[in-house]
Ligand code: PEP
């Protein structure tokens, strides 16, 4: 971990019922979470209100997506204003499942980030290469293109956390090695330094996501440029998520 405050997000994706979420919240409320870590969970939209009214304020809440602009006649969408209204502080944007299953492109995601930030919603900005891109030696090129799309739309990085999530590691049980992750995190920081500013490069947290669990988090957290995690599957288990939150110490 680097000098920024460690950040651990739990992305619950499209999982859960009122009952299972009530159990997860009570496990989180009962868990010991290190003070010096930002902890955020992203429930499905329909359960945000339930989570907001039952989860300790120690843990902040994120949306898993948001509409690209002001709400209105956009059937099935959720606006940044609505996320703020129900108590979210964060939104995850550019998650690989939205990019590659739903078909969101770089430009659309960049615009979403700009709009969310304009409404004072902080952004977890996801980037990451697919397996064939890694195998073709295009990891940096793909990540930099995705970063550039964010950079082209937003004017401040203060409320942005970058999540490097190699697509081949998400939900596959195939975690990046600490060195593989560290290598990309360094490259991302270097890109920020050259293309934004040295200040933004050192202040922006770059977190890793992709099959992080209670057993592999400690080794990853030792890497100097890994400033936290975005966790999918393992965030659905309260005690294991707490282990990941506490892995920095
Ligand atoms: C994610 O969806 O952001 C993620 C990292 O998932 P998992 O931890 O299940 O690989």
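The values are calculated or read from the model by the stated rules, or taken from the named source; none is laboratory data. Just so you know, these numbers come straight off a predicted model, no measurement behind them. Please note: Cβ atoms are built from the backbone with ideal geometry, for glycine as well, and neighbour counts cover all protein chains shown.
Data table
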quantity: Test: residue in region 180-192 that is more than 29 Å from residue 215 (Cβ to Cβ), at pLDDT 95 or above and surrounded by 20 or more Cβ atoms within 10 Å (Cβ to Cβ); calculated: yes
quantity: 3 or more residues within 15 Å of the ligand (Cβ to nearest atom) and touching a strand residue (DSSP E or B) at 6+ places or on another chain (Cβ under 9 Å): qualifying strands (runs of 3 or more DSSP E) within region 1-79; calculated: 6-11, 37-42
quantity: Region 1-21, subset loosely packed, with under 13 Cβ neighbours inside 10 Å and at pLDDT 95 or above, residue nearest to residue 211 (Cα to Cα); calculated: 14
quantity: Residue satisfying condition, being within 13 Å of the ligand (Cβ to nearest atom), under 27 Å from residue 59 (Cβ atoms), touching a residue at least 60 places away in the same chain (Cβ under 8 Å) and touching a helix residue (DSSP H, G or I) at 6+ places or on another chain (Cβ under 6 Å), within set 226, 244; calculated: 244
quantity: Every residue from region 196-222 that is within 20 Å of residue 124 (Cβ to Cβ) and more than 16 Å from the ligand (Cβ to nearest atom); calculated: 196, 200, 201, 202, 203, 204
quantity: Identity of the residue in region 152-177, in a helix (DSSP H, G or I) and buried (at least 18 other Cβ atoms within 10 Å of the Cβ), that ends up farthest from the ligand (Cβ to nearest atom); calculated: 153
quantity: Residue 180 assigned to a helix (DSSP H, G or I), within 15 Å of the ligand (Cβ to nearest atom) and closer than 27 Å to residue 68 by Cα; calculated: no
quantity: Any pair with Cβ under 6 angstrom, 6 or more apart, that starts in region 22-41 at a residue that is surrounded by fewer than 13 Cβ atoms within 10 Å (Cβ to Cβ) and ends at one that is assigned to a helix (DSSP H, G or I) and modelled with pLDDT of 95 or more; calculated: none
quantity: In region 114-140, the residues that are under 18 Å from residue 164 (Cα atoms), part of a loop (DSSP other than H, G, I, E, B) and in contact (Cβ under 8 Å) with a residue 40 or more places away in the chain; calculated: 128
